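Here's the structure, in structure tokens; my notes come after.
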Amino acid sequence: MNKLRDTSFILFLLLMFGCSLKSLTHKNDVGYHLKRGEFFLRNGQIEETISEDKKALKIDPHSTIAYNNLGEIYAFIGSYDQAIILYMKALDIEPKFVEAHFNIVVSAILSKQSDLAWRHIFILKELGEDVRILVHLLDKE
């Protein structure tokens, strides 16, 4: 009877704290590494953020979110060309990934690659996105 009570108590704790049996073996889960990357980013730990996003890509080399997140980190530290390469990898997997197109435009503007920025503005417009702010930013360059 005590064993049943102990097991029930452990299950209760797992449910209360949002855990699951799957989360106990999460190191092979892309989402786990992406969440850890977000945590490190919020704490200003860029190297750790990059490491977690790369771990996510090792687990799932088709994770558009991981490529996009990693690109955002490289853009944040000023490595716009590297960021654009990563956004393009996301688009190779999911050509209509709006956030990656948007991020390419921003990185292209910041790195003075207006032709690339215009190309992705047109794609965003074709995807039904409002591009007026992006056009305005690019016209100021």
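Taken together, the values in this text are just the output of simple stated rules run on the coordinates, not laboratory data. These numbers were taken from a predicted model, which means no experiment stands behind them.
For residue 35, the lysines whose Cα comes closer than 22 Å to its Cα, not counting residues fewer than 8 places off in the same chain, are 22, 27, 54, 55, 58, 89. Overall, the anisotropy analysis places the stretch 39-121 in the oblate class: the square-rooted eigenvalues a ≥ b ≥ c of its C-alpha gyration tensor yield a/c not less than 1.5, with a/b not exceeding b/c.
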